[in-house]
Amino acid sequence: MMGDVAVLIQQIHHVAYRCKDAKETVDFYDRVLDMKVIGAIAEDHVPSTKEPDPYMHIFLDAGMGNILAFFELPNSPPMGRDPNTPEWTQHIAFQVADLAALEAIKSRASAAGLDVVGPTDHTIFKSIYFFDPSGHRLEVAAWTTTPETMERMKAVAPAMIEEWSRTKKPPRHTSWLHEKEFGSA
């Protein structure tokens, strides 16, 4: 609390990643995901640190006030990724309205020559996966769950986190989510 006013996050303002080419990134997200550019900022100095480092900062409309942003940094070493983190781990996940929209995105991504994985059934949602031109793994997901199922997951989450913290072994509280793929627990 700050004074008498509770400080609460309203939503994510934007999430920013690095890209190899700002124009290519804008074109890709528009063509494959229908995300329109809503702004761009370019400077010779970083406003927060005052460091001299020219950049292009682009902002894409991810729907419902959500913004995905990218920086192109021409004077920095080439982009890489953390070699100790599996490729599937770090990703940007987008929500679509339903399974028909998911299939439409899959068709667009395939038509763009992308290698699309899925749909993968996670029980509570189905999703597809592919990579953007900068190598960021993208997921597009459509909910397939009920409020009761989500409440069931929420109820066991604290116990799962506590058990994981102690054992570093996957707790089995929600093993039902992927039983079809991995067999019964």
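The values are calculated or read from the model by the stated rules, or taken from the named source; none is laboratory data. Because the structure is predicted, anything quoted here is derived from the model rather than measured. Methodologically, a virtual Cβ is constructed for each residue, glycine included, from the backbone with ideal geometry; neighbour enumeration extends over all protein chains shown.
Consider only pairs whose beta carbons are under 9 Å apart and that are at least six residues apart or on different chains; among these, list those whose first residue lies in region 101-120 and is farther than 13 Å from Asp132 by Cβ and outside the structural domain of Leu33 (by TED's automatic domain parsing) and whose second residue is part of a strand (DSSP E or B) and modelled with pLDDT under 95.
Note: no pairs meet the criteria.
Can you name the number of the only condition in (1) under 20 Å from Arg137 (Cβ atoms); (2) over 16 Å from the mean Cα position of the chain (by Cα); (3) buried (at least 16 other Cβ atoms within 10 Å of the Cβ) that Tyr55 fails?
Result: Tyr55 passes all but (1).
Taking region 89-124 as the search range and keeping residues that are in contact with a helix residue (DSSP H, G or I) (Cβ under 8 Å, 6 or more places away or on another chain) and assigned to a strand (DSSP E or B), which one is nearest to Lys23 (Cα to Cα)?
Step one: of region 89-124, the residues in contact with a helix residue (DSSP H, G or I) (Cβ under 8 Å, 6 or more places away or on another chain) are 94, 96, 105, 108-109, 112, 114, 116, 118-119, 121-124.
The next check asks that each one be assigned to a strand (DSSP E or B); those that pass are 94, 118-119, 121.
Working: Phe94: 21, Gly118: 28, Pro119: 29, Asp121: 34 Å.
So the residue we want is Phe94.
Looking at region 125-149, which of its residues are more than 30 Å from Ala22 (Cβ to Cβ) and either assigned to a strand (DSSP E or B) or in contact (Cβ under 8 Å) with a residue 60 or more places away in the chain (or both)? Give the derivation first.
First, pick out the residues of region 125-149 that are more than 30 Å from Ala22 (Cβ to Cβ): 125-126, 143-149.
Hits for region 125-149 are Phe125, Lys126, Trp143.
Among the numbered conditions (1) assigned to a strand (DSSP E or B); (2) within 28 Å of Leu177 (Cα to Cα); (3) among the charged types (D, E, K, R), tell me where Arg152 comes up short.
Single failed check for Arg152: (1).
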